[in-house]
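Q: Have a look at this one before I ask anything.
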Amino acid sequence: MEKIRVGVVGATGMVGQNYVRLLGSHPWFRVTHVSASPRSSGKTYAEAVAGRWVMDEPIPTTVANLVVADAQDVQAAAGACDFVFSALGMAKPAVRQLEEACAGAGLPVISNNSAHRMTDDVPMLIPEVNPDHTSIIPFQQERRGWEGGFIAVKPNCSLQSYLPPIYALMQSGYEVESIIVTTLQAVSGAGHPGVSSMDVIDNVVPFIPGEEEKTEQEPLKILGSLQEGRIVPSPSPTVSAHCTRVPVIDGHTACVSLTFAGQIPSLDQIRTAWRGFLGAPQELRLPTAPRPPLVYREEPDRPQPRKDRNTASGMAISVGRLRPCPVMDIRFVALSHNTVRGAAGGAILSAELLRAQGFLGR
Ligand code: NAP
């Protein structure tokens, strides 16, 4: 199969670098276009990220010499690639405008930014949880008069660790009523250079602007239903979130307690549900689908960011410490790699799903 040409908009940032790294050897996609701010445009990619390339591997040779375009130059993107990943670190209205301009120019956009997450005809995808939400795309295109272009988004990285294990329980027939979650979020989640070392070393910062609202609201859209060309959020479960920043480089941890609405499964039934869980990416054998998507750790002190974030190349979610909760019904700890599964890797998996469903590719 001829590889599909991909653009990375915001290619020089923390998430953009992960796209460039992960797409370097992708079997379906090849990077043919990179763009960023006027600070970077006109330079080769290698020049633009000199001194701030934070990946462990070198820059893929196929990208190092691409000249970085100005992200505002939508026509350049439309001429150079078949779809784009958007990883822009700009104010929401500006991102919304730019992503809509790309879609209007015929480019499908898969975005990490929050600008369109709550737009009711834009699918917010975790491919194992709501692959059917892509069927909203024709309604989105018709409503806006877009031919070929559309927007699909990734949810916030904070919920990627805990929502799939909870969804696996729901899918096994155990209805979840309410959730209390405390996230311990890595510094890479704030981009590069991100949080000041003086603020975060030897410290826990108990506030990340806007994060708790996203962590509480986005799951309801992901679990929502499609009605008359719009996604209607699910009325439940209720989520209460504390989001904190901790001195970890990569890997967001979530400590979760929850109550069930009806039957309370045994701990064995929960572990069985997690171990047996498979979603559309596994069934479709998508190239970067982790198999299994949820990895249950029996050790009493796992999951841990340093030891578990790279499970299945950063695409699997590690779960552990399942036990009864004296206040709610059960509690557990979940972990996912925030810039891989929670950002670039998760979006690449979404693109693979969209390709398999016929939404991407010439
Ligand atoms: P980042 O490291 O700050 O990178 C921001 C990118 O946007 C850079 O490529 C930057 O280009 C570009 N940019 C900034 N201002 C611009 C402008 N005015 N015009 C055009 N391009 C501009 O941020 P990040 O962590 O990669 O995050 C990118 C997006 O993904 C954000 O919306 C973030 O909320 C979201 N996200 C991040 C994570 C994570 O774990 N980091 C997870 C999920 C979602 P220059 O290099 O030229 O300045």
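Only the coordinates and a few stated rules stand behind these numbers; no lab work does. No experiment lies behind these values; they were computed from the predicted model shown. We place every Cβ from the backbone using ideal geometry, glycine too, and count neighbours over all the protein chains shown.
Q: What are the residues whose amide H is under 5 Å from the amide H of CYS325, where those residues sit 5 or more places off or on another chain and H is modelled from the backbone?
A: ILE330, ARG331
Q: Near the amide H of HIS192, under 5 Å away, which other amide H atoms are found, from residues 5 or more places off or on another chain, if H is placed in the peptide plane?
A: Correct list: MET14.
Q: Also: Tell me, what is the FRET efficiency for GLU299 and GLN75 to the nearest 0.05, using R0 = 56 angstrom and their Cβ-Cβ distance as r?
A: 0.55
Q: Express in nm, to one decimal, how much length is gained between SER313 and LEU284 on full extension, taking 0.36 nm for each residue of separation and deducting their alpha carbon distance.
A: Fully extending the segment from SER313 to LEU284 adds 8.6 nm.
Q: Run the numbers on the stretch 235-317 and let me know its relative contact order in percent, using alpha-carbon pairs under 8 Å that are six or more apart.
A: Normalised by residue count, the contact order of the stretch 235-317 is 30 percent.
Q: Further, regarding this structure: What number, in nm² with one decimal, is the all-direction average of the projected area of the convex hull of the alpha-carbon atoms of the stretch 318-362?
A: So the Cα hull casts an average projection of 4.8 nm².
Q: Ok, one more. Taking LYS92 as the anchor, which lysines have their alpha carbon closer than 17 Å to its alpha carbon, excluding any fewer than eight residues away along the same chain?
A: Result set, ordered by chain and number: LYS154, LYS214.
Q: Mark the label point 7 Å from the Cα of LYS3 along Cα→Cβ and return the residues of the stretch 272-302 whose backbone N is within less than 17 Å of it.
A: Under cut-off, by backbone N: 287-288.
Q: Continuing with the same structure: Using θ = phi - 60° and the Karplus relation 6.51 cos²θ - 1.76 cosθ + 1.60, list the HN-Hα couplings for the stretch 256-265 in order, rounded to whole Hz, with x at every Gly or Pro.
A: 10, 10, 8, 10, 9, 7, x, 4, 9, x
Q: Moving on. So in the chain, what percent of DSSP beta bridges are antiparallel if you round to the nearest 5?
A: 45
Q: Right, another one. In a GNM of the chain with a 10 Å cut-off on Cα contacts, which of GLU128, GLU177, GLU99 has the highest mean-square fluctuation?
A: Of GLU128, GLU177, GLU99, the most mobile in the Gaussian network model is GLU177.
Q: Still on this structure, I have one more. With an 8 Å Cα cut-off and a minimum separation of 6 or more residues, compute the relative contact order for the chain in percent.
A: 17 percent.
Q: Follow-up. Going highest first, how would you order 188-195, 319-326 by mean Cβ packing within 10 Å?
A: 188-195, 319-326
Q: At a temperature of 25 °C and a viscosity of 0.890 mPa s, determine how fast the chain diffuses translationally according to Stokes-Einstein, using the Kirkwood radius over alpha-carbon pairs as Rh; express D in µm²/s, rounded to the nearest whole number.
A: 119
Q: Also, I was wondering about something else. Once phi is turned into ³J(HN,Hα) by the Karplus curve 6.51 cos²θ - 1.76 cosθ + 1.60 with θ = phi - 60°, what whole-Hz value does each residue of the stretch 190-200 show in order, with x for glycine and proline?
A: These are the phi-based 3J(HN,Hα) values: 9, x, 10, x, x, 6, 5, 4, 5, 7, 10 Hz.
Q: What is the spin-label model distance, in nm, from ALA50 to GLU147 if the labels are put 7 Å beyond Cα along the C-beta direction?
A: 4.4
Q: Looking at the square roots a ≥ b ≥ c of the eigenvalues of the Cα gyration tensor of the stretch 128-230, which shape do they give, rounded for a/c under 1.5, prolate if a/b is larger than b/c, or oblate?
A: Since a/c reaches 1.5 but b/c is at least a/b, the shape of the stretch 128-230 is classed as oblate.
Q: Find how much the distance from MET198 to VAL67 grows on full extension, using 0.36 nm per residue of separation minus their present alpha carbon separation; answer in nm with one decimal.
A: Between MET198 and VAL67, full extension yields 43.6 nm more.
Q: Let me ask another. Starting from the Cα gyration tensor of the stretch 60-199, take the square roots of the eigenvalues, sort them a ≥ b ≥ c, and report rounded, prolate or oblate (rounded when a/c is under 1.5, otherwise prolate if a/b is larger than b/c, else oblate).
A: Cα axes put the stretch 60-199 in the oblate bin.
Q: In addition: Explain nothing, just the number: relative contact order of the stretch 187-266, from Cα pairs under 8 Å at least 6 residues apart, as a whole percent.
A: Rounded, it is 37 percent for the stretch 187-266.
Q: To the nearest 20 debye, what charge dipole does the stretch 23-173 have about its Cα centre, counting +1 at the Cβ of each Lys and Arg and -1 at the Cβ of each Asp and Glu?
A: The calculation lands at about 340 debye.
Q: May I pose another question? For the stretch 1-90, what is one quarter of the convex hull surface built on the Cα atoms, given in nm²?
A: Its Cα hull, projected and averaged over all orientations, spans 5.3 nm².
Q: Sticking with this structure for a sec: Taking a spot 7 Å from the Cα of SER178 along the direction of its beta carbon, which residues of the stretch 321-350 have an amide N less than 11 Å from it?
A: Taking a point 7 Å out along Cα→Cβ of SER178, the residues of the stretch 321-350 whose backbone N falls under 11 Å are 328-329.
Q: Let me ask something else. Taking 7 Å along the Cα-to-C-beta vector as the label spot, tell me the THR238-ARG39 distance in nanometres, rounded to one decimal.
A: The answer from the label model is 4.3 nm.
Q: Using amide H atoms built in the peptide plane, which far-off residues or other-chain residues are under 5 Å from ASN310 H to H?
A: HN-HN under 5 Å from ASN310: empty list.
Q: Go through the stretch 277-289 residue by residue and turn each phi into a ³J(HN,Hα) via Karplus (6.51, -1.76, 1.60, θ = phi - 60°); whole Hz please, and just put x for glycine and proline.
A: 5, 9, x, 4, x, 6, 5, 7, 6, 5, x, 9, 5
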